[in-house]
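The values are calculated or read from the model by the stated rules, or taken from the named source; none is laboratory data. What you are looking at is a predicted structure, and each value in this text was computed from that prediction instead of being measured. For neighbour counting, all protein chains shown are included, and Cβ atoms are generated from backbone atoms with ideal geometry for every residue, glycine included. Just so you know, the surface numbers come from the protein's heavy atoms only, side chains and all, with ligands and any DNA or RNA stripped out. Shrake-Rupley method; radii C 1.70, N 1.55, O 1.52, S 1.80 Å.
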Amino acid sequence: MNLVKALASVGGLTLASRVLGLVRDSLFARFVGAGFASDAFLIAFRLPNMFRALFAEGAFASAFIPMFNQKVADKDGPGLPAGITFAEQALAVLLPILIAMTVVLEVFAWPVTFLLSGKFNGVSHEQFAYAVQLSRITIPYLALISLVSLLGGILNSLNKFWVNAAAPILLNLTQIVAILGFHSADALVTARNQAIAVSVSGALQLLWLIWACRANGVSLRLRMPAWNPDVKRLMKLILPAAAGAGAMQINLMISTALAASLLVHGSVTYIYLADRLNQLPLGLIGIGLGTVLLPTISRQLGGGEHQAAMDTQNRGMELALLLTLPAAVALIVCGQPIAAALFGYGKFDANDVARTAEALAAFSIGLPSYILVKVLTPGFYARQDTRTPVRFAMMSMVVNLVGNLVLIVPLQHMGPPLATAIASTANVAMLYWALVKRGHFQADTRLKRRAPRLALAAVAMGAVLWFGQDLLTPYLHGTWLVRGLALAVLVSAGGMVYAMATLATGAFTRADLALLRRRRAAP
C-alpha cells in the first residue's frame, strides 16, 4: 500500500503534467499544423527532451539515488549531512561539464541538427538555417534540466516525490502561455516562440527545485571540483546508465531522424503527437513506478531485506500490468477518435488526424514493454549494476535500427513507431531473463495468476470499445467542451468495462476491494 500511495502521489502530478502537455500539443497542432515549421521545432525539442528523459528520469537518478541513500542511511555516519556533502561534490563536477557541453552544442548546432533531421528531406538553405536557430534556442534547457535532476534526486531520496514530479508542469504551462499569448498567423514565428518557452521553463524548474530543497533543509554550496572516490564511482555509473535508461529515447531519436530525412514533411509531427498520447500512460504509470521503486528497493537491499525487495518488484509488475494493458488496448482501438478530439483543429486536418492515429496504434503495441522497462531496471540500479541494462539497451537499439530500415518504406509513418515497440519488447525480455537467472527476481504465485487474467480483461474492454466508439464519433468534432465530454465518456466507459472484466475473470477480487477499504480506513 505504501507503493500504491507513493505511486498515486507521483503519478497524479505526472498525469496533470501529461494532461497539460496534451493541451499544449493540441494548441500547437491548431496554430502550427503538420509541416516544416512543426517538424523543425520538434527536431529542436527532441535533443533537450531526450536529455530530460536520460537525466531527470533516468541515468543521473539511477546512479545518484542509491549512493545518496547509502550515505544518509549509514548508521555509523553523520546521515543527511554526509548525503548533502556528496551532492555538493557531484554538483562541483557536474556543473563545469554541463557548461562546457552547452557551449560545444551551441557551436556545433548545425551538424547536430543535420544529424537529427537528415536536412529534412531536401529543404532550402534558409529553411535549414531556421531549424538550426531553433536548436540553438533550446540547447540551454539541457544544462538546466540536468541540474534539476540533481536536486530532484535528493528530494526523491527524502521521500519528497511530489516536488520533482510537479516540475514538468512548469514546462507545459510556459509553452501554453507562449502559444496563447504570442502565436502568429506565420507558423514559423509561433514555432520559434515555442522554442524560447522551452529554455525559459528550464530556468523556472530549476528555481522551483532550489526553493523546495531549501524548504526541506537542503542547501547546496558551490565547491571546487574534486575527483574523489565517490565522484569517480558516480561518473562510472552514470555513463552506462545514460544509455540504458535512455534506450527508448535514443530509439525515438533514430526514428525521428529517419522520418525527417525519408518521409514527407509532417511525418515527424505525426510520430511526435502519437508518442505524446502514448506517453500519457507511460508518464502516469512507468515514470511514477520507476521513481518510487528505485529508492524503495535500494533501502530494502541496504537493510538486507532481499525478499522484501523481490516482493516490491512483483507488486510493481502487477501494478504496471493492471494499469498499462487496458491503456494499450484503448489507444490501439480508439486512436482515431482520440486524435480527432485532441488535435483535429485549425491547420491540423482529417488526413493529419488519420496518420497520427495510425502511428499511435503502432506505438501502443509496445506500451506494456515501455513501462516494464521502468519496473525492471531498478532491480539492477539498486544493486549499482548499470552495465547490464546498457548492454541490453545497445542490443535493443540494433533491433530498432534494423526495424526502422525494414519498415519505414512499406509502412511510412507507422514504421518507426512499430520498430520502437519491437525493440522495447526485446529489451524487456532480456532484462527479465537476466534478473531471473541471477536469482534477483522470481514471479510469485499472485503475479502468475493475475497477469493472464488482466490481459483477458483488457481484450474484453477493447471489444466493447471497438463496437461502441462510433456512437461518440459525431461529438468529437464540436467545441472544446463537447469534445472533452465525449472523451470523458469514452474513457469512463472503458474504465467501467475493464473494472467489471477484472472482477469477472478473477484478476481482481472482492476480497482485494475489502482489503483496500480497510487499509484506507486505517489511521
Putting +1 on Lys and Arg Cβ atoms and -1 on Asp and Glu Cβ atoms, find which of Ala504, Ala463, Ser369 reaches farthest to the positive end of the dipole of the chain.
Ala504
Under 23 Å between C-alpha atoms, the lysine pairs in the chain lying 8 or more places apart or on different chains count 11
Per-residue [θ]222 nm for the chain (sum of -39500 (n - 2.57) over DSSP H runs n ≥ 4, rounded to 500):
-27500 deg cm²/dmol
Accessible area of Met395 in the full protein assembly, 1.4 Å probe (Å², nearest 10)
90 Å²
I need the shape label for the stretch 308-465. Rule: rounded when a/c is under 1.5, else prolate if a/b > b/c, else oblate, with a, b, c from the alpha carbon gyration tensor.
oblate
Counting only the backbone N, which residues of the stretch 81-102 are under 19 Å from the spot 7 Å out from the Cα of Lys236 toward its beta-carbon?
86-87, 89-91, 93-94
Spelling it out for Val123: with amide H atoms placed in the peptide plane at 1.01 Å from N, the residues 5 or more places away or on another chain with amide H under 5 Å from its amide H are none
Rounded, prolate or oblate: which fits the stretch 72-158, taking a ≥ b ≥ c as square roots of the Cα gyration tensor eigenvalues, rounded meaning a/c under 1.5, else prolate when a/b beats b/c?
prolate
Additional length obtainable on full extension of the chain from Arg383 to Leu207, 0.36 nm per residue less Cα span
60.1 nm
Rounded if a/c is under 1.5, else prolate if a/b beats b/c, else oblate: with a ≥ b ≥ c from the C-alpha gyration tensor eigenvalues square-rooted, which is the stretch 99-250?
oblate
For the stretch 361-503, dividing by residue count, accessible area per residue (probe 1.4 Å) in Å² works out to 47 Å²
Once both label points are put 7 Å beyond Cα along the C-beta direction, the Arg221-Val177 separation in nm becomes 3.4 nm
Which trypsin sites (Lys or Arg not before Pro) from the stretch 206-235 combine a DSSP loop assignment with at most 15 other Cβ atoms within 10 Å?
Arg221, Arg223
Residue order for Leu180, Leu47 - accessible surface, 1.4 angstrom probe, largest first
Leu180, Leu47
What three numbers, in Å, describe the spread of the alpha carbons of the stretch 126-165 along their principal axes, ordered from the longest?
50, 14, 8
Percentage of Cα-Cα pair distances in the stretch 329-415 greater than 21 Å, rounded to whole percent?
49 percent
Peptides 343-353, 153-163, 263-273: what's the order by average Cβ count within 10 Å, highest mean first?
263-273, 153-163, 343-353
Gain in span if fully extended, Arg449 to Leu405, counting 0.36 nm per residue against the direct Cα distance:
12.0 nm
Based on the Kirkwood radius over alpha-carbon pairs, what is the Stokes-Einstein translational diffusion coefficient of the chain at 4 °C with 1.567 mPa s viscosity, in µm²/s?
55 µm²/s
Solvent-accessible area, 1.4 Å probe, carbon plus sulfur percent, for the chain:
69 percent
Net dipole in debye of the chain [+1 Lys, Arg Cβ; -1 Asp, Glu Cβ; about Cα centre; nearest 20]
1360 debye
Residue-normalised value, i.e. accessible area per residue, for the stretch 102-168 at 1.4 Å probe, in Å², stands at 38 Å²
Computed label-point distance, nm, for sites Phe467 and Val189 using a 7 Å Cα→Cβ extension:
5.3 nm
Whole-Hz ³J(HN,Hα) from phi, Karplus 6.51 cos²θ - 1.76 cosθ + 1.60, for the stretch 415-425, glycine and proline x
x, x, x, 5, 4, 4, 5, 5, 5, 5, 4
Would you kindly derive the ³J(HN,Hα) couplings of the stretch 445-458 from the backbone phi angles with the Karplus curve 6.51 cos²θ - 1.76 cosθ + 1.60 (θ = phi - 60°), listing them in order in whole Hz, with x for Gly and Pro?
4, 4, 5, 4, 6, 7, 4, x, 6, 5, 4, 5, 5, 5
Quick one: what are the phi-derived ³J(HN,Hα) couplings along the stretch 463-475, Karplus 6.51/-1.76/1.60 with θ = phi - 60°, whole Hz, x for glycine and proline?
5, 5, 5, 4, 7, x, 5, 4, 5, 9, 3, x, 9
